[in-house]
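Reading through the structure tokens given below for one structure.
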Amino acid sequence: MTKFTKEFLVPYYDTDPKGILRPEIVLSYMAETSSWHSDSLGVGHKLLNANGYGWMLNRWEAEFIKLPQAKEKVIIRTWTSSFDRFYATREFNMENEEGNLLAKASTQWIFLDMKKKRPIRIPKEIQEKYSFIEEHGFDGYTDLKPMDATGGRTISTRKSDIDNNNHVNNIRYIEWMLEQIPEDVLRNKDLKRLAVNYKKEVLLGDTVRSSLAVDPVNGDRFLHLISVDGETNALGMTDWK
């Protein structure tokens, strides 16, 4: 069993003011690679859409070890680590040309009947297309609990936020979370760990609030809340060093 790989050459516009690849773009590269993997197996978006199926991302768990700079080549490796009824888990590694690990992530996905917007059991014919590699990047997912948060930034969703499932792309939630990080943290520290738990989709026309709180136990850790009309759409955690 082999892992699916895809190479990316980091452009300047994907880097931050320090010239380093933005963490949310790392996850975007990973998500793109997963799409290429499924397409290569014949179970990509076209087939799913034709059958009224879809995958909804439920969780990210990511660690950033040493992020590259512009014009560096990176290799994303991805593989399916498990299927369980209507859940699937997928793993990612990002490496440089020398094979050094730069970042890793685990994801959990829910298989949906897109018309009814309800989880359904993953069809056997789709499961059989994937080869399992029981190798996990993490022991589990960060337990993100509901939080009370006041203030924060209000965002109006745009047409450009909407993906081919007609809801806001999962990377946008992370961008909204990172926008709330204090400037001195962004300037002097690096994001080392990130966790996101998606609760409810955000749609075009929604007014979103991105709120933040400092973890009472760890001052380098922030807790994030994405909400619409007081209802939780996503919870997050970022850890900075």
For this session: Go ahead and run the numbers for FRET between Ser82 and Asn166, Cβ-Cβ distance against an R0 of 35 Å, rounding to 0.05.
Result: 0.80
Seminar exercise, completed: With a 20 Å threshold on alpha-carbon distance, the violating pairs from Lys73/Lys159; Lys145/Lys189; Lys46/Lys124; Lys18/Lys66 are Lys73/Lys159; Lys145/Lys189
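Suppose accessible area is computed on protein heavy atoms with a 1.4 Å probe; arrange Glu63, Glu95 from highest to lowest.
Details: Glu63 60, Glu95 25 Å².
Greatest to least solvent exposure: Glu63, Glu95.
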For this session: Determine the calculated [θ] at 222 nm for the chain from helices alone, applying -39500 (n - 2.57) to every DSSP H run no shorter than 4 residues and normalising by the residue count; nearest 500 deg cm²/dmol.
Result: -5000 deg cm²/dmol
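At a 1.4 Å probe radius, which order do Glu128, Glu24 fall into by accessible area, largest first? Before the final figure, lay out the partial values.
On the way: Glu128 125, Glu24 25 Å².
Putting Glu128, Glu24 in descending order of accessible area: Glu128, Glu24.
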Exercise. What ³J(HN,Hα) values, in whole Hz, does the Karplus curve 6.51 cos²θ - 1.76 cosθ + 1.60 give for the stretch 136-144 when θ = phi - 60°, with x put for Gly and Pro?
Worked result: 10, x, 9, 6, x, 9, 4, 7, 9
Seminar exercise, completed: Evaluated at 4 °C and 1.567 mPa s, the Stokes-Einstein D of the stretch 103-229 based on the Kirkwood radius over Cα pairs, in µm²/s, stands at 75 µm²/s
Seminar exercise, completed: Filtered hits (lysines, Cα-Cα < 16 Å from Lys3, offset >= 8 within chain) -> Lys104, Lys129
Seminar exercise, completed: Rounded to a whole number, the Stokes-Einstein D of the chain in µm²/s (Kirkwood radius over Cα pairs; 20 °C; 1.002 mPa s) is 115 µm²/s
Exercise. Using alpha carbon centroids, what distance separates the stretch 151-167 and the stretch 55-82, in Å?
Worked result: 23 Å
For this session: Starting from the amide H of Gly54, placed 1.01 Å from N in the peptide plane, find each other amide H under 5 Å away whose residue is 5 or more places distant or on another chain.
Result: Leu112, Met114
Exercise. Measuring with a 1.4 Å probe in the full set of protein chains, what accessible area per residue, in whole Å², belongs to the chain?
Worked result: 53 Å²
Exercise. Toward the positive end of the charge dipole of the chain, about the Cα centre and with charges on Cβ (Lys, Arg +1; Asp, Glu -1), which of Asn233, His45, Tyr130 goes farthest?
Worked result: His45
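Between Glu201 and Gln127, what FRET efficiency follows from the Cβ-Cβ distance if R0 is 30 Å, with the result rounded to 0.05?
Working: r = 25 Å, r/R0 = 0.82.
Step by step, r from the Cβ atoms, then E = 0.75.
Determine by what factor the alpha-carbon radius of gyration of the stretch 47-86 differs from 2.2 N^0.38 Å, reporting the quotient.
Numbers: Rg = 15.8 Å, N = 40, 2.2 N^0.38 = 8.9 Å.
Dividing the Cα radius of gyration by 2.2 N^0.38 Å gives 1.77.
About its Cα centre, what dipole magnitude does the stretch 60-168 give when the only charges are +1 on Lys and Arg Cβ and -1 on Asp and Glu Cβ, stated in debye to the nearest 20?
Details: 18 positive and 18 negative charges, 154 e Å.
Dipole magnitude for the stretch 60-168 comes out near 740 debye.
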Problem set entry | Most fluctuating residue given options Gly140, Gly19, Gly54, as computed from a GNM of the chain linking Cα atoms under 10 Å | Gly140
Exercise. HN-Hα J couplings of the stretch 183-197 from phi, Karplus 6.51/-1.76/1.60, θ = phi - 60°, integer Hz, Gly and Pro as x?
Worked result: 4, 5, 6, 4, 6, 10, 10, 10, 6, 10, 9, 9, 9, 9, 10
Exercise. According to a simple spin-label model (label point 7 Å from Cα along Cα-to-Cβ), what is the distance in nm between Asn218 and Leu9?
Worked result: 3.8 nm
For this session: Keeping the other protein chains in place, figure out the carbon and sulfur percent of the accessible area of the stretch 105-192, with a 1.4 Å probe.
Result: 43 percent
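Would you mind calculating the gained length between Ile120 and Lys73 on full extension (0.36 nm times residue separation, minus the Cα-Cα distance), in nm to one decimal? Walk me through the numbers before you get to the answer.
Numbers: separation 47, 0.36 × 47 = 16.92 nm, distance 3.85 nm.
The Ile120-Lys73 span can extend by a further 13.1 nm.
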For this session: Please give, to one decimal in nm, the separation of the simple spin-label points placed at Ile65 and Ser40, each 7 Å out from Cα toward the Cβ.
Result: 2.1 nm
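Treating only the Cβ atoms of Lys and Arg (+1) and Asp and Glu (-1) as charged, compute the dipole magnitude of the chain about its Cα centre; round to the nearest 20 debye. Working shown, then result.
Working: 34 positive and 36 negative charges, 117 e Å.
About 560 debye.
The values are calculated or read from the model by the stated rules, or taken from the named source; none is laboratory data. None of these values were measured; they are calculated from a predicted model. Ideal geometry is used to build each Cβ from the backbone, glycine not excepted, and the neighbour counts take in all protein chains shown. Protein only, heavy atoms only, side chains kept; ligands, DNA and RNA dropped before computing areas. Shrake-Rupley method; radii C 1.70, N 1.55, O 1.52, S 1.80 Å.
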